[in-house]
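Right, one structure below, let's go through it.
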Amino acid sequence: MVYNWQQKGWPHFSYQLIDIEDDLYAFAEKAGRIRGMVQTLPKDAQMETIIDVLVSEAIKTSEIEGEYLNRKDVRSSLKNNLGLNSKLEPVNDARVGGVAELMLQVRKTYKDPLTRETLIHWQNTLLRGRKDIQTGSWRTHEDPMQIISGALGKQKVHFEAPPSDMVPEEMKRFIEWFNATAPQHGNDVKQGPIRSAIAHIYFESIHPFEDGNGRIGRAISEKALSQSVGQPMLISLSRAIDENKKGYYEALHKASLSNELTHWIRYFVKIILKAQGQTEKQIEFTLKKARLFDRYRDLLNDRQFIIIKRMLEEGPQGFEGGMNARKYVSLTKTSKATATRDMQDLLEKGIFQLKSDAGGRSTAYELKL
C-alpha cells in the first residue's frame, strides 16, 4: 500500500470545490448566527455556554482515543483553570487536568502562529504525568508508526506514518504551511473550513508524536477555524465526529492514500456544519436552563435545586436512564420517602416529566424543558 507521503507531489494537495460551495456559505452564515446568539446572552450564560462546549470537546476528543472521562471532573477542572470557583474543586482523574488545560490554551492562543514549541507544549500538557509515553519531542523510535485494529494475528494496518527520522523536516514544512496559509498572508486558504480539513489530514499523516496525535490534530483544526472567523470558535468537532467514529476513521484512511482531497474535505466540512448545529442547540439549552431557574428558583427546596442543577450539568440528554429515587438519595443524602415526595412535587410543578424509555421497575423522570 502506498500512502500519501510516499507519493510524488507530497505534500501539495489538490481538491475540487464541487458540491462544497453551498456548505461554505452555510458555515459563514452559521458562524455569524452563533456569534449573534452568544452576544445576546447575559455574561454568566455566555460563560456557561463556553464551558458546556469545552466540556463536550474534552470528553469526546478523549473518547475517540478510548479514554472515558467523568463530566463533573472535566467541568470542575475547567472552572478551576478559569478562576470561576471561590475555592478549587477536587478533580479525581489526573488525565482530566491535561485535556481541560489544552482546550483553554487552544482558545487563548488562537491568533498566535503555530510553532514546534507550541505543539510540544500541547502534548506535554495533554499527557502530563505519563511515564510510559515519550513527551517533549517528536517521536524517535525506529518501529513503524502504524494505526492498527483487530485481534492479535488478525490485525489490519489502516495507515503507516513516515519513519521517525523524517518527522523533524516534515513538521517544519507543516508548520510553515499552516502559518503561510493563515488569514492575511499571501498564501492564505480563503475558506477556513477547507484549511481546517487540510490541516487535520496533513498533521495526522505525519503523526509526529508517540501519543496524542488525534487530540492535537483536532485542536489544530479548531485553531484554523478560529483564525478564519477572527475569534475563538465555539465548537466541538469531536462531539460531531464521535457520532460516527467509524465513518471518521474510514474517511481518514481513504484520504491517507491520495493527495487529492476532495472527498475528505467534503466529509470534514459536513462535520464542521454538524458541530455548529450542535453549538446552536447548546446555546438554546443554556437559555432554557436560565428560564427554568428564573421561573422556579423560589419554589424549590435545597435538595430539588441540587438535583436540577446536577441534571442540567449533564447537558440536554440529562442523566442516562433519567432521575430515580436511588440516584436522588445518593446525591442529596436524604431518605427514599423524601426523595419520592420531592420528585412527585417536581412532576406536579411541571419541571419533571415521566421518562417513557427508562425501563426497569423504578419510576424515572427527566427534565421538561
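Here, each number is a calculation from the coordinates, and none is a lab measurement. All values reported here derive from a predicted model rather than from experimental measurement. Because the Cβ atoms are built from the backbone with ideal geometry, glycine has one as well, and the counts that use them run over all protein chains shown.
Listed values, structure above:
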quantity: Per-pair calculated FRET efficiency, R0 = 35 Å: L84 and E320 via Cβ, rounded to 0.05; calculated: 0.85
quantity: Contact order normalised by residue count of the chain, Cα under 8 Å, 6+ apart, percent; calculated: 20 percent
quantity: Span per principal axis, largest first, for the Cα atoms of the chain (Å); calculated: 71, 47, 39
quantity: Cα centroid of segment 62-115 to Cα centroid of segment 211-264, whole Å; calculated: 20 Å
quantity: Rel. contact order, % - alpha carbon contacts under 8 angstrom, at least six apart, segment 101-229; calculated: 29 percent
quantity: FRET E, pair D302, S330, Förster distance 22 Å, beta-carbon r, rounded to 0.05; calculated: 0.85
quantity: Beta bridge orientation in the chain: antiparallel %, DSSP, nearest 5; calculated: 90 percent
quantity: Proximal lysines to K368, defined as alpha-carbon separation beneath 17 angstrom and excluding residues fewer than eight positions away on the same chain; calculated: K281, K288, K289, K309, K349, K355
quantity: Helical mean residue ellipticity (222 nm; -39500 (n - 2.57) per DSSP H run of 4+; nearest 500) of the chain; calculated: -18500 deg cm²/dmol
quantity: Cut-off 19 Å, label 7 Å out along Cα→Cβ of A94, residues of segment 116-134 by amide N; calculated: 122-134
quantity: Residues T340 and D19, FRET efficiency given R0 of 51 Å [Cβ-Cβ distance, rounded to 0.05]; calculated: 0.35
